[in-house]
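Below: one structure, written as structure tokens.
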Amino acid sequence: MERRIQHQQEEIERFRWMFDALLPAYESSRAGSSAAAPVELVTDLRLVQEVIEELTATCREEVLTAQPGGGRRPESLQAAQKRDRRMLARGVAMRTLYQHPARYHQPTIDHVQAVTGLGAEVRTQSEGFCRMLIFDQHTALLGVPDDPLAALLVREPHLIHSMRVFFDCAWRGASPFPLAFDAASAVRISGEIQEAIVAMLSEGLEDKSIARRLGMSVRSCQRHVAEVMKALGAKSRFQAGFLIGQSRGDTGDETPPGSGCRVLASAGPSGARGRG
């Protein structure tokens with residue numbers, strides 16, 4: 001489990017590095033060409049929405065969507081569901097990736113139930129990822145860090161291929177979105193969230209940073225951290241980090257797989273519906 005989390009974190013960091021490397025290329029591609037730029041920054045939300053409408057209208061084979069964070073706003077879900085229904089009716093294959101807290105957001109649950117009933121596939125994972133939409137493997141939209149209203153419109157084939165590889169890697173490590181409450185699944189997902197928290201506590205991250213990476217509120221994150229510390233018998237975050245390292249036999253070697261599971265073995269279930 002922990003190796004998988006570490007691998008996903010490495011993939012995310014590699015993708016973020018690639019994103020940052022794109023910005024100079026975008027600047028140089030803006031001038032002097034009437035042809036469509038391989039990477040185009042769209043800073044107006046209305047234009048971003050128009051691009052999404054155009055791409056969904058022309059999509060014929062497959063759309064891949066990664067939506068980080070918790071549940072989405074109801075108005076966003078309503079607009080997305082209209083587009084999704086049209087694509088699914090045309091036989092477009094659809095895969096969507098959320099983070100685990102989306103499982104506990106009723107409007108998102110309702111949306112997932114509607115689109116999966118029409119053939120879409122939806123999964124969730126604990127670790128964060130970049131917001132992206134990939135249409136027919138030839139055009140993509142990529143979220144811009146620190147600007148939720150903007151997006152990069154990507155047409156460069158090699159970059160889109162890398163985005164697809166990243167999505168597939170995250171998809172393989174994700175769990176199907178449950179259409180009905182299942183206690184065993186809830187306990188397992190809560191365990192995955194706490195495994196990720198264990199890894200981040202060992203890195204010295206604060207609650208705000210952990211919450212942002214896991215797509216949950218700071219309050220929910222603090223509740224999970226408290227449960228982890230209780231399971232460890234730790235009185236402070238510093239002590240928790242020490243105990244985590246001690247339980248792994250921390251000598252600088254690679255962490256043995258599943259060691260975090262042993263740390264949390266005494267923790268009770270905390271993943272009931274309504275908790276993120």
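Restricting attention to helices (runs of 4 or more DSSP H) lying wholly within the stretch 136-247, give those where 2 or more residues are of a type in the set (Asp, Glu). I'd like the intermediate steps shown before the answer.
On the way: elements: 157-172, 183-202, 207-214, 218-232, 237-247.
Ranges flagged: 183-202.
Go through the stretch 183-218 and report how many residues are touching a strand residue (DSSP E or B) at 6+ places or on another chain (Cβ under 7 Å), hydrophobic (A, V, I, L, M, F, W, C) and more than 23 Å from Leu243 (Cβ to Cβ).
Let us first name the residues in the stretch 183-218 that are touching a strand residue (DSSP E or B) at 6+ places or on another chain (Cβ under 7 Å), namely 189, 214-215.
In the following step, the residues that additionally are hydrophobic (A, V, I, L, M, F, W, C) were identified as 189, 214.
In the following step, the residues that additionally are more than 23 Å from Leu243 (Cβ to Cβ) were identified as 189.
Of the residues in the stretch 183-218, 1 are touching a strand residue (DSSP E or B) at 6+ places or on another chain (Cβ under 7 Å), hydrophobic (A, V, I, L, M, F, W, C) and more than 23 Å from Leu243 (Cβ to Cβ).
Can you confirm whether Glu156 is surrounded by fewer than 19 Cβ atoms within 10 Å (Cβ to Cβ) and under 24 Å from Pro74 (Cβ atoms)?
Spelling it out, it is not the case that Glu156 is surrounded by fewer than 19 Cβ atoms within 10 Å (Cβ to Cβ) and under 24 Å from Pro74 (Cβ atoms).
Since every read-out is calculated from the coordinates, none of them should be taken as a lab result. Given the structure is predicted, the values throughout are model-derived calculations rather than measurements. Virtual Cβ from ideal backbone geometry, glycine too; neighbours counted across all protein chains shown.
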